Amino acid sequence: ERARPIPGPLVLPGEYTARLSVDGVTSERKFHVIEDRRLSVAPAARAAWNKALSTLAASYRTATDLIEKTKGGADKALYETAVQAQARIALVYGNVGASTGVPTADQQTQIEALTKFVAGLAARGKP
């Protein structure tokens, strides 16, 4: 059974280009994303929030890759630890994503610890 993916963070306000390619023909259109007017969040706080979510998402993907790689393998402890780490990351991601401000000091500590922990697991799972 595959874990449900976590949603990505909201896109930051700014200029973007959308590209669509079909049968070798590419079409482009530029567009501008504005901040949701219902929110009152400073750009620096929004950037810190987005960075935290991106960091957690990267760790979640690393844990997911490790789960897929070790599933049914000899190192059951590594597999189970990766599953638990993935669940913890998803929980912290949900908590951080529930508001659009700078993560709390506790959340930042958890993000740093989980990122290091999952990187260590991934290193342990390399052949």
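The values are calculated or read from the model by the stated rules, or taken from the named source; none is laboratory data. These figures come from a predicted structure and were not determined experimentally. Here the Cβ positions follow ideal geometry from the backbone for every residue, glycine too, while neighbour counts run over all protein chains shown. Calculation scope for accessible area: heavy atoms of the full protein, side chains included, ligands and nucleic acids excluded. Shrake-Rupley method; radii C 1.70, N 1.55, O 1.52, S 1.80 Å.
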Quiz item: (1) among the hydrophobic types (A, V, I, L, M, F, W, C); (2) in a helix (DSSP H, G or I); (3) open to solvent by 30 Å² or more (accessible area, probe 1.4 Å); (4) at pLDDT 95 or above: which one isn't true of Ile111, the others all being true?
Solution: (3)
Quiz item: Which residue out of Ala122, Ala77 is exposed (fewer than 13 other Cβ atoms within 10 Å of the Cβ) and assigned to a helix (DSSP H, G or I)?
Solution: Ala77
Quiz item: Given the residues Gly72, Gly8, which is the only one that is at positive phi, free of Cβ contacts under 8 Å to residues at least 60 places away in the same chain, open to solvent by 40 Å² or more (accessible area, probe 1.4 Å) and not polar (S, T, N, Q)?
Solution: Gly72
Exercise. From Ala85, Ala63, Ala47, grab the single residue that is in a helix (DSSP H, G or I), touching a residue at least 40 places away in the same chain (Cβ under 8 Å) and within 21 Å of the chain's Cα centre (by Cα).
Key: Ala63
Self-check item: Hey, Ser99 in contact with a helix residue (DSSP H, G or I) (Cβ under 8 Å, 6 or more places away or on another chain) and assigned to a loop (DSSP other than H, G, I, E, B) or not
Solution: yes
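Can you name every residue in the range 22-65 that is of a type outside the set (A, V, I, L, M) and under 16 Å from Phe117 (Cβ atoms)?
Thr55, Ser59, Tyr60, Arg61, Thr62, Thr64, Asp65
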Quiz item: How many residues are loosely packed, with under 10 Cβ neighbours inside 10 Å and among the acidic types (Asp, Glu) if we restrict to the range 12-55?
Solution: 3
